Structures are given as structure tokens and as C-alpha cells.
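Each remark here refers to the structure printed beneath this line.
Please treat every number below as a calculation from the coordinates, not as lab data. What you see is a predicted model; the values in this text were computed from it and never measured. Positions of Cβ are backbone-derived with ideal geometry, glycine not excepted, and every protein chain shown enters the neighbour counts.
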Protein chains: 2
Amino acid sequence: MKPPSEKSAGRRKSRPSFEPLQPHEVELADFFVRMAGILGVPRSVAEIYALLYVSSGPLDFDHIQGRLGISKGSVSQGLKFLRDHEMVLSVKEKGARRERWQPTPSLAASLVALLRSQVLPALEQAQPGLQRVLADAQQRGAQPEVIERLSRLNRWNSRALELAPLLLPPPGA
Amino acid sequence: MKPPSEKSAGRRKSRPSFEPLQPHEVELADFFVRMAGILGVPRSVAEIYALLYVSSGPLDFDHIQGRLGISKGSVSQGLKFLRDHEMVLSVKEKGARRERWQPTPSLAASLVALLRSQVLPALEQAQPGLQRVLADAQQRGAQPEVIERLSRLNRWNSRALELAPLLLPPPGA
DNA sequence: GCCTAGGTTCAAAATTTATTGAAACATCAG
DNA sequence: CTGATGTTTCAATAAATTTTGAACCTAGGC
């Protein structure tokens with residue numbers, strides 16, 4: 001079933017030939033992939049996280065690539081994303097060359113961080129624009145209903161920005 | 001600036017020729033588009049919502065299409081999406097043929113509904129699978145750490161499902 | 001019934017986004 | 001320094017998503 005058509009099963013460098021995901025691992029991966037999809041996180045990233053999540057110890061680069069059957073580039077980028085969002089951390093044993101990865105302790109914290117990183121920039125960037133839109137509407141003497149809507153949007157935006165730092169301290173605090 | 005190169009400015013059926021979005025409208029649309037993007041809602045849908053949001057009265061199909069400069073298909077599908085998620089409602093004046101659209105009163109409620117509709121199905125569908133994954137791990141005598149993770153995931157899932165109906169009653173209650 | 005304004009559908013085209021893999025880069029043991 | 005291992009980059013490709021527009025419904029006036 002697994003065609004051994006790897007060109008020349010080299011003796012020496014012998015790619016360790018990793019197993020594909022087990023059914024129970026696939027199931028979990030599907031769950032993560034779906035949830036991630038809602039936030040626009042790519043499949044490969046969710047798969048990497050899921051794999052680390054069901055694995056007993058930390059896994060190294062080659063294991064991740066081998067078991068998921070995805071490219072080096074994807075693994076690298078996926079780990080970068082997860083690292084940047086503080087969703088995984090590496091444990092490098094002393095004297096070892098390769099890094100080994102595991103999920104950060106709290107999935108909850110990870111999710112909050114992820115959301116923050118997506119929503120906050122949008123809110124921040126929008127702030128001045130929204131204020132301008134409101135001012136504009138007031139000047140033009142727009143319908144009270146519209147003014148009301150735009151005011152509420154502004155209030156929300158402001159409050160969200162105030163609350164944000166409380167949810168989770170900005171990376172580095 | 002606006003090249004009148006519409007082939008034969010037909011007298012009769014005279015496309016009313018709507019204005020493109022004003023700068024302040026564009027600004028708001030950009031905001032909504034960005035926020036929507038986080039949840040994977042397409043640009044055209046966000047634009048429609050934004051337009052209704054800044055407009056004084058309800059708008060009809062042709063106005064939406066004309067002002068946004070998008071295709072009929074997009075308007076139809078966009079309105080369907082917004083309708084399905086209870087983010088807009090139509091007011092059809094008696095004796096009038098066309099429907100006219102406006103945003104539902106509470107943007108907050110709309111957002112919650114939207115989230116619900118994305119997250120809930122995933123949670124529900126995952127429930128049995130997650131339980132199986134956990135049982136599986138226990139049988140195989142997996143590492144306590146992994147068991148712990150999977151248990152927590154299951155607990156979360158269950159709690160989320162219990163809480164969900166409280167957040168907003170299911171459409172039709 | 002027939003006609004038409006008003007809207008929907010859906011396959012094809014355009015656009016966006018993710019993945020791949022080869023080449024470049026980095027780091028460490030020797 | 002050198003050579004090999006381990007990782008990142010990024011242009012090209014593949015895959016997924018969105019938009020378009022023409023054909024197709026549907027309800028209401030006549």
C-alpha cells in the first residue's frame with residue numbers, strides 16, 4: 001500500500017520513513033483544521049499544531065514533515081506562524097543540534113493571542129478613520145439614525161482598544 | 001473623470017447611473033471588509049453591509065449594485081448571506097415591487113449570530129470524534145500529559161456546547 | 001394565460017491564498 | 001576554516017475562493 005518507490009532507498013542517509021497519521025490523529029487534526037479555518041489559519045498550520053498536541057514528547061522538524069507528509073517549506077512557515085503566535089515552544093536539549101517542538105501549555109491563551117493579533121491591528125488602524133467618518137456625517141447633517149450607528153461603532157472601537165491590553169499583556173511584558 | 005463610455009446612453013431603460021462610493025463611505029467599507037476578512041467573509045458581502053450601514057434609508061437591489069459597482073450575482077449572493085445570518089432585513093412597502101434593505105438594529109447581535117453559525121456546527125460535529133480520540137488514548141495508555149490535554153479539550157467542547165444556547169437563542173425562539 | 005420587472009442560479013473566469021522545492025543561509029563539530 | 005546538518009526564503013505552481021454574467025425562474029399586472 002505504501003509504494004516503496006523512494007528513489008534508491010539509500011542506506012546511509014536513510015530517510016527514517018515516518019508513519020502517516022493514525023485515524024485518531026486524523027480525527028483531531030480535522031477538528032483543529034476546522035476551527036482554524038474559521039480564523040483563516042491555513043490547514044498545514046493547524047495540522048502541525050494538532051500533531052504536536054497529540055504527541056507525547058516534543059517533535060523535531062523531520063518528524064513533523066514526515067508524519068504529515070508536507071513540504072519543508074510548509075513546516076518551516078507553519079512553525080514560524082505558531083512560534084510568532086506563541087502557540088508552540090521549542091526545547092533544545094543541550095548538545096543537540098535540532099530543535100524539538102511542543103504546544104504551549106495553554107491552548108486558551110494561545111487562542112486569545114491569535115485573536116488579538118488579528119483583531120487589534122484592524123481596530124487600531126481603523127480608529128482615526130472611523131472618527132473621521134462620524135465627524136463627516138455630523139457635518140453633512142446626516143440622518144440621526146446614521147449618526148447613532150456611527151457613534152456606537154466608534155464607542156465600541158474605543159472600548160475594545162482599552163480592554164485589549166487587559167486580556168493579555170502585549171508580547172513582552 | 002467619469003468617462004461616459006456606456007455604450008449608447010439608452011434613453012428609455014436609462015440605467016440611473018449611481019455614484020461611486022464617497023471617500024467616507026469607502027473608509028467605513030474598508031473597516032468592515034477587514035473585520036469580515038478575519039472571519040472569512042468575502043469582501044463583497046462586507047461592502048454591502050457597510051453601504052447599508054452608512055445609508056440613511058433602506059436601499060434596493062439596483063442601488064446596491066450601482067453604488068458598489070459589482071455584479072448582480074454578487075449582490076444576490078451577498079444579500080442572501082446577510083439575510084441568512086440575520087444581519088439585514090427587508091422592508092417592502094405595500095404595493096411596491098422591489099424589496100429594500102437595511103441593517104438589523106444590533107450589529108453586536110449580528111456578530112454573535114455569525115460566530116455561532118460558524119463555530120457551533122464545528123463543535124457539534126467534533127463532539128463524538130473528540131471523545132473517541134480521548135478514549136483511544138486512554139486505552140493505548142498514552143502519556144498522562146496527552147490524556148490531560150485531550151480531556152481538557154473535551155471539557156471545553158462540552159461546556160461551549162452547553163453555553164452556546166444561552167448566548168443567543170437558536171434562530172426561531 | 002402572457003408579459004415583464006425583479007431576482008436567483010451556477011458554470012466559467014478572475015482573483016486570492018497556500019504549498020512546494022530548490023537554492024541560499026546559518027550554525028556547529030571537527 | 002570546512003563540511004555537513006538543519007532551517008529559512010521565495011519564485012513558481014497548485015488549490016481554494018470569489019466574482020461575473022447570461023440563462024433561468026417567479027410573482028404580479030394586464
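Distances from A:Lys80 to the same position in the other copies: list them in nm, one decimal, shortest first, using label points 7 Å from Cα along Cα→Cβ.
3.9
Taking the axis about which chain A rotates onto chain B, which residue of A lies nearest it as judged by Cβ position, and how many whole Å separate them?
A:Gly40, 3
Dipole size in debye (nearest 20) for the range B:108-167 around its Cα centre, Lys and Arg Cβ +1, Asp and Glu Cβ -1?
It works out to roughly 20 debye.
Tell me what chain B gives for mean residue ellipticity at 222 nm when only DSSP H runs of n ≥ 4 count, each as -39,500 (n - 2.57), the sum divided by the residue total, rounded to 500 deg cm²/dmol.
About -20500 deg cm²/dmol.
In a Gaussian network model over chain B where Cα atoms closer than 10 Å are linked, find which of B:Leu51, B:Leu123, B:Leu89 has the largest mean-square fluctuation.
Of B:Leu51, B:Leu123, B:Leu89, the Gaussian network model singles out B:Leu123 as fluctuating most.
Under 15 Å Cα-Cα from A:Lys92, which aspartates and glutamates qualify once same-chain neighbours fewer than 8 residues away are excluded?
Qualifying aspartates and glutamates at Cα under 15 Å: A:Asp60, A:Asp62.
Calculate, axis by axis, the spread of Cα positions in the protein assembly as shown along the three principal axes, and write the results as whole Å, longest axis first.
Cα extents, longest axis first: 80, 46, 41 Å.
So, counting K/R as plus one and D/E as minus one, what does the shell of residues with Cβ under 12 Å around A:Gln125 add up to?
Taking every other residue near A:Gln125 into account, the sum is -2.
If I fit a long axis through the Cα atoms of helix A:107-139 and take the longest principal axis of the Cα atoms of chain A, what angle between them do I get, 0 to 90°, rounded to 10?
30 degrees
Relative to the longest principal Cα axis of chain A, at what angle does helix A:144-167 sit, 0 to 90 degrees, rounded to 10?
40 degrees
Using the crude model of +1 on Lys and Arg Cβ and -1 on Asp and Glu Cβ, and no other charge, please compute the dipole size for the protein assembly as shown relative to its Cα centre, in debye to 20.
With Lys and Arg at +1 and Asp and Glu at -1, about 960 debye.
For A:Gly95, place a label point 7 Å from Cα along the Cα-to-Cβ direction in every copy; what are the distances to the other copies, in nm, shortest first?
A:Gly95 label point versus its equivalents elsewhere: 9.3 nm.
Determine the principal axes of the Cα atoms in chain B, then give the extent along each, sorted from largest to smallest and rounded to whole angstroms.
Each principal axis gives a Cα extent; for chain B these are 79, 37, 25 Å.
Tilt of helix A:23-38 relative to the longest C-alpha principal axis of chain A, in degrees (0 to 90, nearest 10)?
In chain A, helix A:23-38 runs at an angle near 20 degrees to the longest axis.
Placing the label point 7 Å from Cα along the Cα-to-Cβ direction, what are the distances from B:Arg132 to the equivalent spots in the other copies, shortest first, in nm to one decimal?
5.4
Once the convex hull of the alpha carbons of the range B:60-124 is built, what does its volume come to per residue, in cubic angstrom? Provide the component values of the computation, followed by the final result.
Values: hull volume 6.9 nm³, N = 65.
Residue-normalised Cα hull volume stands at 106 Å³.
For the range B:108-167, restrict the atom set to alpha-carbon positions and state the Rg and Dmax in Å.
14.1, 46
With r as the distance between the Cβ atoms of B:Leu120 and B:Gln77 and R0 = 30 Å, compute the FRET efficiency 1/(1 + (r/R0)^6) and round to 0.05.
Efficiency, from the Cβ-Cβ distance: 0.85.
For the range B:23-105, compute the orientation-averaged projected area of the C-alpha convex hull (one quarter of its surface), in nm².
Working: hull surface 21.7 nm².
Convex hull of Cα atoms, orientation-averaged projection: 5.4 nm².
Report the local net charge at A:Leu79: Lys and Arg +1, Asp and Glu -1, summed over other residues whose C-beta lies under 13 Å from its C-beta.
Around A:Leu79, the charge tally is -1.
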